[in-house]
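These notes are about the structure you will find just below.
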Amino acid sequence: MDDKRSIYTNYLIERLGFVEDNFKQQYVIELMNSYGKFNRLGAITQQEFDNTYNNLLDKETYKAEYFKNKYLHDSNTNLYIPLKDSFSLIDYLHIEISIKKRKNLSFMPSLAPYISATDIASYTYCPVSYAISKSFILPKISAAITGTALHERTFLLKVLSSNRSEETQFLDTKWEGEYIDDINILLGEDTSEYFKLMETAELIFSGHRREANSNKIFRGKKGRFVGQPDYIFLSNKKEYFVVEEKFVMSNSKDNGIFYENHTNQVASYIYGINAFPVNFGLLIYWHYDNYRTAGRVRINKVTIKRIEKTARLKNRIKSVFSNIEFFKNNKLIDFDVSARNAKKCAHCVYTAYCGHKTGNYKKVSLPYSIGFINLKNVGFPSELKNDKE
């Protein structure tokens, strides 16, 4: 990064209003690795694209072509999405500053009278993230869209199919669409016993749209909990178990880690579903990389964790459930500034809307107050004033 870009980037970060501490430094480092996932927040309409392109075309053709090549048209939404390769940290910071300057956010309707498995996962990740998710109608980021699309490919059912080409690998080239499977998954020693367990079990429920009962929502005994796991199986030992799939960006450092929010989500199914006596759960991570050719996403590894019933796990889920109920009822809770995690904040899907990452607030409200979404008044760098338009 050249000197002027560095000065300008630091200016934009200062505008976010962070408390001067080690967290700020670590957050910026982590954001350097995560900002690309927020490119969809920079989406523009057809009219905005056409107006900008035509205005540039009237002046200098090469600038118009440069602008045009920075975007990809999404036919599903009719929006133009910035390409990740051309989406910079400065682009992201401009978006966050614009959000917090305009505060043009649409509030969601009133809270549902129940707590979902997704709520438990979201609150476990961060109470602020949960509050934001329950307050505003917000666009999905690329990773969320990728995850949804990959979920609908029903990889697990294909792996379990007797028609897979070889016993130790799954390669599907038949599917077409935005995400075409390009998979060579080794069913090694770490996962083979789990796949054998599922292969010999009866599929009781599938939460994917292609299944007839996929819209079924399971409720707790008192109706205060709702959830829909990806699958419910009945083993040959007559034990019911749930399976939850997650699609995670491949990272060698994280390949052995199963995140607490996902574990709690599975645990909420184990203890919360009343329709079946669920004995245990499996959490499956499909690790995918950035490989893209003709719209392909490549899954290169699978890891699985078995989650058993324990008194400690039950108490943990009950505690999270109670904390959410308290938050929903009282609308305000304490926020521990020292508990901020720079990596989690930088990768959080709601980081562009969050004021708590700055370290300035010790309370969080539900709905999330617009008063938390602030900017700091910072003078424009004197070194750049000659370049300012």
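The values are calculated or read from the model by the stated rules, or taken from the named source; none is laboratory data. Since the structure is predicted, the reported quantities are computational estimates derived from the model, not experimental observations. Cβ sites come from the backbone with ideal geometry, for glycine too, and all protein chains shown count toward neighbours.
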For this session: Assess whether K4 counts as being touching a helix residue (DSSP H, G or I) at 6+ places or on another chain (Cβ under 7 Å), without any contact (Cβ under 8 Å) to a residue 60 or more places away in the chain and surrounded by 12 or more Cβ atoms within 10 Å (Cβ to Cβ).
Result: no
Problem set entry | Scan of region 57-76 for residues that are out of contact with any Pro (no Cβ under 9 Å at 6 or more places or on another chain), under 25 Å from P139 (Cβ atoms) and not aromatic (F, W, Y), ordered by number | K68, N69, H73, D74, S75, N76
Exercise. Of these, K357, K376, which one is assigned to a helix (DSSP H, G or I) and within 26 Å of K37 (Cβ to Cβ)?
Worked result: K357
Problem set entry | Any chance N341 is within 30 Å of V243 (Cβ to Cβ), of a type in the set (S, T, N, Q), out of contact with any helix residue (DSSP H, G or I) (no Cβ under 8 Å at 6 or more places or on another chain) and surrounded by 13 or more Cβ atoms within 10 Å (Cβ to Cβ) | yes
For this session: Test A149 against the criterion of being part of a helix (DSSP H, G or I) and touching a helix residue (DSSP H, G or I) at 6+ places or on another chain (Cβ under 9 Å), and give yes or no.
Result: no
Exercise. When you look at L157, is it modelled with pLDDT of 50 or more, in a loop (DSSP other than H, G, I, E, B) and surrounded by 14 or more Cβ atoms within 10 Å (Cβ to Cβ), yes or no?
Worked result: no
Exercise. Just wondering, is there one or more residues in region 323-331 that are surrounded by fewer than 20 Cβ atoms within 10 Å (Cβ to Cβ) and not in a helix (DSSP H, G or I)?
Worked result: yes
Problem set entry | Pair list, Cβ under 6 Å, 6 or more apart: region 38-49 residue without any contact (Cβ under 8 Å) to a residue 60 or more places away in the chain, other residue assigned to a helix (DSSP H, G or I) and of a type in the set (A, V, I, L, M, F, W, C) | G42/I95
Problem set entry | Residues of region 119-144 that turn out to be surrounded by fewer than 16 Cβ atoms within 10 Å (Cβ to Cβ) and closer than 30 Å to I317 by Cβ, as a count | 3
Problem set entry | Among the residues listed as K221, K196, K140, the single one being closer than 28 Å to F280 by Cβ, modelled with pLDDT of 80 or more and part of a loop (DSSP other than H, G, I, E, B) | K221
For this session: Can you confirm whether region 363-371 contains a residue that is exposed (fewer than 14 other Cβ atoms within 10 Å of the Cβ) and either at pLDDT 95 or above or of a type outside the set (D, E) (or both)?
Result: yes
For this session: Please go through region 98-137 and pick out each residue that is assigned to a helix (DSSP H, G or I), over 17 Å from T351 (Cα atoms) and of a type in the set (V, I, T).
Result: T118, I120
Exercise. If R298 passes every condition in (1) surrounded by 14 or more Cβ atoms within 10 Å (Cβ to Cβ); (2) modelled with pLDDT under 95; (3) at positive phi but one, which one does it miss?
Worked result: (3)
For this session: Quick one: Y179 ticks every box in (1) modelled with pLDDT under 75; (2) out of contact with any Gly (no Cβ under 8 Å at 6 or more places or on another chain); (3) surrounded by 18 or more Cβ atoms within 10 Å (Cβ to Cβ) except a single one, so which number is it?
Result: (2)
